[in-house]
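**Student:** I'd like to ask some things about the structure below.
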Amino acid sequence: MLLSSIEWSARVTKETREKDAVLQGTLDMLVLKALQLEPMHGWGVTERIEQWSESVLQLGQGTLYPALYRLERQDLIKSEWRVTANNRRARYYSLTARGRRHLNEVLAQWKRVSRAINLVLEAVVVHGGA
């Protein structure tokens, strides 16, 4: 079946949006998790995620700050200006009560889905039998 360019474009755009939504949701979950222990500035969030992931996940400012602003607009985190240990002003982010509830929900969902994916990936396939 041949798709018109408009249908193809709509399909690609929808698939791209869905993929972006999954990645954005995963990033949001990681940021909320990093803030679960204590308030911290953006650089601290980046460092914590990098450390916990054994340097596999490295967030650039162009990725992190849009996520922080989005989470703040959704009332999942709040921010305030503080002075850092280096005596510099920085915006510190912390979870709101709504953010804590949301984190617990998405973590439970993530664990359920990742367990299911691991079950599929670890399945043993037997060849030759009917």
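The values are calculated or read from the model by the stated rules, or taken from the named source; none is laboratory data. Treat the numbers as computed from the prediction; the structure is a model and nothing was measured. Note that each Cβ is placed from the backbone with ideal geometry, even for glycine, and that neighbours are counted across all protein chains shown.
**Student:** Could you look through the stretch 49-96, keep only residues that are polar (S, T, N, Q) and surrounded by 12 or more Cβ atoms within 10 Å (Cβ to Cβ), and pick out the one that is farthest from Glu38 (Cα to Cα)? Give the derivation first.
**Tutor:** Taking the stretch 49-96 as the starting set, the residues that turn out to be polar (S, T, N, Q) are 51, 53, 55, 58, 61, 63, 74, 79, 84, 86-87, 94, 96.
Among the residues that remain, those that are also surrounded by 12 or more Cβ atoms within 10 Å (Cβ to Cβ) are: 53, 63, 74, 79, 84, 94, 96.
Values: Ser53: 18, Thr63: 21, Gln74: 19, Ser79: 12, Thr84: 14, Ser94: 7, Thr96: 11 Å.
Checked the stretch 49-96; the qualifying residue farthest from Glu38 (Cα to Cα) is Thr63.
**Student:** Which of the residues spanning the stretch 17-49 are modelled with pLDDT of 60 or more and either over 19 Å from Ile77 (Cβ atoms) or among the β-branched types (Val, Ile, Thr) (or both)? I'd like the intermediate steps shown before the answer.
**Tutor:** We begin by selecting, within the stretch 17-49, every residue modelled with pLDDT of 60 or more; these are 24-49.
Result: Thr26, Val31, Val45, Thr46, Ile49.
**Student:** Take the conditions at pLDDT 95 or above and not basic (Lys, Arg) and apply them to Trp110. Does it pass? Spell out the reasoning first.
**Tutor:** Values: at pLDDT 95 or above: no; not basic (Lys, Arg): yes.
No.
**Student:** Go through the stretch 73-90 and give me each residue that's touching a residue at least 40 places away in the same chain (Cβ under 8 Å), of a type in the set (A, V, I, L, M, F, W, C) and over 18 Å from Met29 (Cβ atoms).
**Tutor:** Once the filter is applied, which keeps residues that are touching a residue at least 40 places away in the same chain (Cβ under 8 Å), of a type in the set (A, V, I, L, M, F, W, C) and over 18 Å from Met29 (Cβ atoms), the stretch 73-90 yields only Ala90.
**Student:** Quick test for you: out of Val126, Val120, pick the one residue that is β-branched (Val, Ile, Thr), farther than 18 Å from Ala34 by Cα and not in a helix (DSSP H, G or I).
**Tutor:** None of the others qualify; the one that does is Val126.
**Student:** Moving to a separate point now. Which of (1) at pLDDT 95 or above; (2) out of contact with any helix residue (DSSP H, G or I) (no Cβ under 9 Å at 6 or more places or on another chain); (3) in a loop (DSSP other than H, G, I, E, B) does Tyr69 not meet, given it meets every other one?
**Tutor:** Of (1) at pLDDT 95 or above; (2) out of contact with any helix residue (DSSP H, G or I) (no Cβ under 9 Å at 6 or more places or on another chain); (3) in a loop (DSSP other than H, G, I, E, B), only one is false for Tyr69: (3).
**Student:** Being free of Cβ contacts under 8 Å to residues at least 40 places away in the same chain and under 14 Å from the mean Cα position of the chain (by Cα) is the filter; apply it to the stretch 34-48 and report the residue that is surrounded by the most Cβ atoms within 10 Å (Cβ to Cβ).
**Tutor:** Per the criteria, the residue is Ala34.
Yes or no, residue by residue, for (1) in contact (Cβ under 8 Å) with a residue 40 or more places away in the chain; (2) acidic (Asp, Glu):
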site	(1), (2)
Glu50	no, yes
Val56	no, no
Leu59	no, no
Leu103	yes, no
Val120	no, no
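**Student:** What is the number of the single condition among (1) modelled with pLDDT under 95; (2) surrounded by 10 or more Cβ atoms within 10 Å (Cβ to Cβ); (3) under 16 Å from the mean Cα position of the chain (by Cα) that Asn104 does not meet?
**Tutor:** The number of the failed condition is (1).
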